[in-house]
1. Using Cα-Cα distances under 8 Å and only pairs 6 or more residues apart, what relative contact order does segment 16-226 have, in percent?
2. What shape does segment 1-112 have by the C-alpha gyration tensor, where a ≥ b ≥ c are the square roots of the eigenvalues, rounded means a/c under 1.5, and otherwise prolate means a/b greater than b/c and oblate the rest?
3. Taking the 0 to 90 degree range and rounding to the nearest ten, how far is the long axis of helix 113-128 tilted relative to the main principal axis of the chain, both from C-alpha atoms?
4. Add -39500 (n - 2.57) for each DSSP H run of 4 or more in the chain, then divide by its residues: what number comes out at 222 nm, to the nearest 500 deg cm²/dmol?
5. I162's amide H: which non-local residues (gap 5+, or another chain) put their own amide H closer than 5 Å, with H modeled 1.01 Å from N in plane and none for Pro or chain starts?
6. Could you give the Stokes-Einstein D for segment 141-222 in µm² per second, using the C-alpha Kirkwood radius, 20 °C, 1.002 mPa s?
7. Compute the helix-to-body angle for 197-226: its Cα long axis versus the longest principal axis of the chain, expressed 0 to 90° and rounded to tens.
8. Expressed as an acute angle from 0 to 90° and rounded to the nearest 10, what is the orientation of the C-alpha long axis of helix 164-193 relative to the principal long axis of the chain?
Amino acid sequence: MQDRTSEWFVPKIGPRNFRVGVGMLFLPYTAIVTCFAAWGSLGGTFVFDRLVAICVIYFLAVGVSAHCLDAVGGKTKPWGALPKRKILAIALFSLVVSFSIGLYYAFLDSSLLFPIGIAEGFFLFAYNLELFGGRFHNNISTIVSWGILPVFAGSVIQTNSISIETISLSVISAMLTYFLITTSRKYKGLKIEGMDLKKIKNKENILKFITLVVVVGTILFFVIRFI
């Protein structure tokens, strides 16, 4: 499936380059991972600037850098031919900014961010560039890097610790991530076949529902914790 500009998360109006640029970010999935990082921060005592920082880190690292690398470095080219140097420059710039923010807090008082950052960096390159023969381009890598580590990072940036509450939240985020990626894979398969429009719409609605529940749930979680 070379042309993904018909996907539900891609703007329906505007120049093609704009639509592809927004589509490449996979904003619903990026929002979910960013919310998982917020969960970790909101799971205990939190400081607002650190909550914002971890959300910015994951938005840039996953939403921008990882998806840009996937667009130009993966075996499939879901967005067609792209200006490789420009996309790689955006990916590396976003990664430098996100890691710089993370390193600031790691050196300040959140040293557990070091191993989390190393692990996330490994998965970011190994998964999206399909290194090592694509051995890490699988569900387990996605669940760990998108579902578990963001929650851990959100907690660590606040307290430099991982509590029972954090682990409980990571179990929920891991299950949601598994359901998300398996549903997304079925959805993409149906889109490629293009035969059963009812099933395609059903899977699309499930993906929209997951996104809505996670985003709205995170906002409510924040409001409750803030109050």
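1. Numbers: 260 pairs, mean separation 57.4, N = 211.
About 27 percent, as a whole number.
2. Working: a/c = 2.89, a/b = 1.84, b/c = 1.57.
Prolate, since a/c reaches 1.5 and a/b exceeds b/c.
3. 10 degrees
4. Working: 10 runs with 159 residues, N = 227.
The helix-only estimate for the chain comes to -23000 deg cm²/dmol at 222 nm.
5. So I162 has HN proximity to no qualifying residue.
6. Numbers: Rh = 14.1 Å.
In µm²/s, the coefficient is 152.
7. In the chain, helix 197-226 runs at an angle near 20 degrees to the longest axis.
8. Compared with the principal axis, the helix lies near 10 degrees.
Read-outs throughout are calculated quantities, based only on the coordinates presented, and are distinct from any laboratory measurement. Just so it is clear, the model here is predicted, and its values are computed rather than measured. A quick note on method: Cβ atoms are made from the backbone with ideal geometry, for glycine too, and the neighbour counts reach across all protein chains shown.
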